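Have a look at the structure below, then the notes.
What follows draws every value from the coordinates through simple rules; no lab data is involved. Note that this is a predicted model, so its numbers are computed, not measured. No Cβ is skipped: glycine too gets one built from the backbone with ideal geometry, and neighbour counts run over all protein chains shown.
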Amino acid sequence: MAANYTNPAETQQLFITWGWQENVIQQCDVASPSALPLDATHSLYISLHLFGSAGSAAGALNYSFSDQLDSTGAEEFQVEVIGDLTKAMSIISTDNNEITLYAQKGAILVRLTAMSPSGDPLPDLVGVAQRTLSDVPELPRNR
């Protein structure tokens with residue numbers, strides 16, 4: 001996972017320090033994009049990460065967000081708070097609108113990215129983030 005960051009060695013050390021324990025990733029793409037309107041969300045990526053504490057998950061959110069923002073040329077924008085901490089960025093081009101949302105609740109960090117040819121995928125991302133984090137159980141402290 002650390003290989004996806006601009007400084008993999010630093011990332012690996014930070015994630016160890018933050019007590020990173022596990023993650024799960026799901027990519028969902030529309031099988032027939034032409035069957036949807038151009039303003040619909042056509043792709044959704046979600047990853048959930050479990051850290052050793054809420055503070056560690058917040059540190060990982062800030063680090064991961066900054067790394068992606070700096071390496072992609074995306075623009076940060078304000079979004080409603082979901083969970084304990086939320087940050088968002090966008091890359092808008094003539095053929096794709098991409099929004100990435102990071103949200104943290106307790107020791108869980110969730111990253112979501114959605115794309116639409118011409119629409120705004122943010123409402124879909126907010127809905128998925130809210131639902132995902134509302135389903136997160138309180139985890140034992142010594143997990």
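Hey, with R₀ at 22 Å, roughly what FRET efficiency would I25 and A2 work out to, going by the Cβ-Cβ distance, to 0.05?
Values: r = 14 Å, r/R0 = 0.64.
The value I calculate is 0.95.
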Inset, instruction - May I ask you to compute the full-extension gain from D120 to L69, defined as 0.36 nm times their residue separation minus their alpha-carbon distance, rounded to one decimal in nm? - result: 16.5 nm
Inset, instruction - Provide, in order from the shortest bin, the percent of all Cα-Cα pairs of the chain in each 5 Å bin, continuing until the bin that contains the maximum pair distance. - result: 2, 10, 19, 22, 20, 14, 8, 4, 1, 0
Inset, instruction - Compute the acute angle (0 to 90°) between the alpha-carbon long axis of helix 122-134 and the principal axis of greatest extent of the alpha-carbon atoms of the chain; round to the nearest 10°. - result: 30
